[in-house]
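Each value in this text was obtained by applying a stated rule to the coordinates, not by laboratory testing. These numbers were taken from a predicted model, which means no experiment stands behind them. Ideal geometry is used to build each Cβ from the backbone, glycine not excepted, and the neighbour counts take in all protein chains shown.
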Number of protein chains: 2
Amino acid sequence: MPVRRSRDEYVRLNMARFHRAECEQRDAADPLAPIRDRFVIPAHVIYLDGNSLGPMPVGAAAAMTRVTEQEWGQRLIRSWNESGWIDAPLRLGRALAAAVGARADEVIVADSTSINLFQLLVAALQLRPDRSTIVAADDDFPSDRYLVDSAAALLQRRVERIDPADAIARISRDTAVVVFSHVHYRSGLMLDMAAITRAAHAQGALALWDLSHSAGAANLDLDGADVDFAVGCTYKYLNGGPGAPAFSFVHERFHTSMATPLTGWLGHDDPFAFEATYRPAPGVRRLQVGTPHILSMAALEVALEAVADVDWGRVRAKAMALTQLFIDLVESRLPHAGFVLASPADPHRRGAHVSFDHRHGFEIIKALIARGVIGDFRVPNTCRFGFSPLITRYVDVWDAVDHLVCVIENEEWRDPAHSVRSFVT
Amino acid sequence: MPVRRSRDEYVRLNMARFHRAECEQRDAADPLAPIRDRFVIPAHVIYLDGNSLGPMPVGAAAAMTRVTEQEWGQRLIRSWNESGWIDAPLRLGRALAAAVGARADEVIVADSTSINLFQLLVAALQLRPDRSTIVAADDDFPSDRYLVDSAAALLQRRVERIDPADAIARISRDTAVVVFSHVHYRSGLMLDMAAITRAAHAQGALALWDLSHSAGAANLDLDGADVDFAVGCTYKYLNGGPGAPAFSFVHERFHTSMATPLTGWLGHDDPFAFEATYRPAPGVRRLQVGTPHILSMAALEVALEAVADVDWGRVRAKAMALTQLFIDLVESRLPHAGFVLASPADPHRRGAHVSFDHRHGFEIIKALIARGVIGDFRVPNTCRFGFSPLITRYVDVWDAVDHLVCVIENEEWRDPAHSVRSFVT
């Protein structure tokens, strides 16, 4: 249902052409621009969902062919030694350490974010046996909420759910552990990791951070912030592939004292001694549980190699610039279309994604996807757009908003096909 | 250091030629023989380690190419719906159900055997809150021992470690759960699952079985044995690939009452509602924790398709025949070489692998591997040989023993290269 354009709108469109050229200039001057070529971006797609599933690195398919046909198919069991499978969790942890500001021996790749969160939360609680409270965000990502509740019930602790804005004031001498997402999955709110960690330490508490929505899109400095424990996802901004194993970080000061609940044989100091009693491996190796998911790790390893030389300070600066450009364009070009910014307006308090609430948000996202602009939707009415600085160009931001303007002006979201709810959006 | 052959030995070798022809006849008559062609067995390899890492199914590499290049690379996030990723854990569970004698909705594929064991053991203990004891085997596989200890400590229960031969007598009204491996990882001892489960139920206890060393090589009937809970590995006899996700079985009578400790968002009844409080999904879907490892699951799915039409009764019968043939050949051809059978002599009490202890076991296994006969070694002196009925021919058994005779007669194991200890053998 196209609408006739007003004179004002034509003026705006002229401005639009001017601005796109500006975007092209920013891309031409962007030192991160060449990184995009290390990933496969399908033709006719503007991908604003790298915060949910990062694109495939060039070389991932070849790595899968190698690990199946040669390593598994031909070398079989011998690949645990000969193809380096047994070292994969620590090797990938070392490869990931720089992206989170950790020492090489403080990170390991294993299992899922949820499982690692449980593992480290129970370990942290056992390091503070005389304190009764876990301080956590009242609206954190579901796994974080549910697993905090579950660990608290198992260890008979209390969960204090707070607005993270009050975090520093709410930490007390009774706080065992504070658990927060660094960047909120919905709003993109980025917390001050160093300040909250400092406040926790001042009260004798420990800090556990979930980096799922910042690792790979921020300039993280876990050691600089003196963080105790962290977990995070590798299939979002780190582009490790669907369901890629997650990572855990443990500050080296806990490398001997930390006791974990998931005492799998590969976390044992000498797994192949098959001893009767668990004796933890040194450091983060004890965070291994069962046999590593080698096929999934092979793709992740390619993704980590693709960002080995990245300057994370530049990544963070670009995340702020891209999200700001998107907000500015939406608010200037669609000022009366019903979009309400659901992310912090201050780029320093915002991660690399932007959420706008809209009463027809679901249909709008579907209409954008039909145009090849892939964002996602979160109930009840949030349109979420991710701007992975490694793969997103300034012109992508411009073009995405151009498509959004068309979706709104042409009322394309009214197409009944766009109101069909699917399980995952 | 070859030795001269005695007249007796030449007589034995003549017998050998006779027997190999017999093996060829048994292969020709074996209705399972065509299954082997669905897997890649490298040239010049006799693979007797399918109990540790099964061979690659034909089509696995092509599936990995499809899931990376098309599903991930081109469809990106949309593949959660369009490529069926979101349903993979339940779909693979349904595909696996027949191999363990379960109903299609009683099995799910997720995470690792160790994590699933913890998940189900804690769930089982919470179903028996007034009982203080877990009955478990005194020499079970390390992960099973360590995680039983860990769950017991978290839930303040006691572990009673027993000789499984005494299982039925040791289960009491204070037993909450019995946990056993169906087939022992070292000896191959196969326990009577139905009888022990019956004994547990007679005392009001629950039975949790680890099927890692039997699933894919036995005729399992979990529902027939009225088993409560089970876990198992998919990368051994089920050929799912290195570190393939594991499976969990929950009898349908617990599908509403079971409460799990690892309350990840994907185990929630409505994950995409992002609710504040955990509300478990119906049935085994609540055993999901984090995002499924899609790349690893893609290979496993091919492996499960490769055995969809297998008659598991024939698989069990062939496992007994292959292991018996191996024992008979080793004992008749190498009667004074120092091999001591470490597996049950009765094939009905034995899984699909055979262990012989030998004081030079490590060097012997290394010398066999140098000849292309791949078995494995377990400290301190166990040579372990797996006879996956899906891929092992009777002539393979014959030829493997022929190589073993050469290793012993020529004293090839004395080669200093064979005494170098590697991390995984």
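Lys and Arg at +1, Asp and Glu at -1: add these up for the other residues within a Cβ distance under 13 Å of residue A:347 and post the number. Residues close to residue A:347 contribute a combined charge of +2. Residue by residue, segment B:27-42 carries 3J(HN,Hα) couplings of 5, 5, 8, 7, x, 7, 3, x, 4, 3, 5, 7, 10, 8, 10, x Hz when phi is fed to the Karplus relation 6.51 cos²θ - 1.76 cosθ + 1.60 (θ = phi - 60°); x denotes Gly or Pro. Net charge in the neighbourhood of residue B:82 (other residues with Cβ under 11 Å of its Cβ; Lys, Arg +1, Asp, Glu -1) is +1. Between amide H atoms placed 1.01 Å from N, distances below 5 Å from residue A:268 occur with A:281, all of them 5 or more places distant or on a separate chain.
With a ≥ b ≥ c the root eigenvalues of the C-alpha gyration tensor of the protein assembly as shown, is it rounded (a/c under 1.5), prolate (a/b larger than b/c) or oblate? Prolate, because a/c is 1.5 or more and a/b exceeds b/c. Comparing Cα centroids, segment B:270-288 and segment B:346-425 end up 47 angstrom apart.
Relative contact order, whole percent, for chain B stands at 22, derived from Cα pairs under 8 Å and 6 or more residues apart.
Given axes a ≥ b ≥ c from the Cα gyration tensor, I'd like to know whether segment A:84-306 is rounded (a/c under 1.5), prolate (a/b larger than b/c) or oblate.
Note, shape of segment A:84-306 comes out oblate.
When shorter helices are ignored and each DSSP H run of at least 4 residues is given -39500 (n - 2.57), the per-residue value for chain B at 222 nm works out to -11000 deg cm²/dmol. Beta-bridge orientation, the protein assembly as shown: approximately 55 percent antiparallel, per DSSP, counting only bridges with both partners inside.
Sorted by packing (mean other beta-carbon atoms within 10 Å per residue), highest first, where do A:174-183, A:215-224 land?
Ranked from most to least packed, the peptides come out as A:174-183, A:215-224.
What does the charge count near residue B:58 come to, summing +1 for each Lys or Arg and -1 for each Asp or Glu among other residues with Cβ under 9 Å from its Cβ?
Details: positive: B:38; negative: B:37.
After counting each charged neighbour, the total is 0.
Within a straight-line Cα-Cα reach of under 23 Å, residue B:366 can be paired with the following lysines, leaving aside sequence neighbours fewer than 8 residues apart in one chain: B:236. For segment A:173-179, take each phi angle, set θ = phi - 60°, evaluate the Karplus expression 6.51 cos²θ - 1.76 cosθ + 1.60, and give the result in whole Hz per residue in order, putting x for glycine and proline. Rounded to whole hertz, the list is 5, 9, 7, 7, 9, 9, 10. A crude spin-label estimate for the pair residue B:168 and residue A:345, with each label 7 Å from Cα along the Cβ direction, gives 7.7 nm. Let me make sure I get this right: for segment A:243-316, a, b and c are the square roots of the gyration tensor eigenvalues over alpha carbons, sorted descending. Under 1.5 in a/c it's rounded, otherwise prolate if a/b > b/c, else oblate. Which is it? Oblate, because a/c is 1.5 or more while a/b does not exceed b/c. Counting only DSSP beta bridges with both residues in chain B, the antiparallel share comes to about 50 percent.
Taking amide hydrogens as placed 1.01 Å from N in the peptide plane, the amide H of residue B:232 sits under 5 Å from those of B:211, B:247, each at least 5 positions away in sequence or on another chain. Couplings 3J(HN,Hα) for segment B:130-141, derived from phi with the Karplus relation 6.51 cos²θ - 1.76 cosθ + 1.60 (θ = phi - 60°), are 9, 10, 9, 10, 9, 9, 9, 6, 6, 9, 5, 4 Hz, where x marks Gly and Pro.
Roughly how far apart, in whole Å, are the Cα centres of segment A:139-193 and segment B:84-113? Using only Cα atoms to place each centre, the spacing works out to 33 Å.
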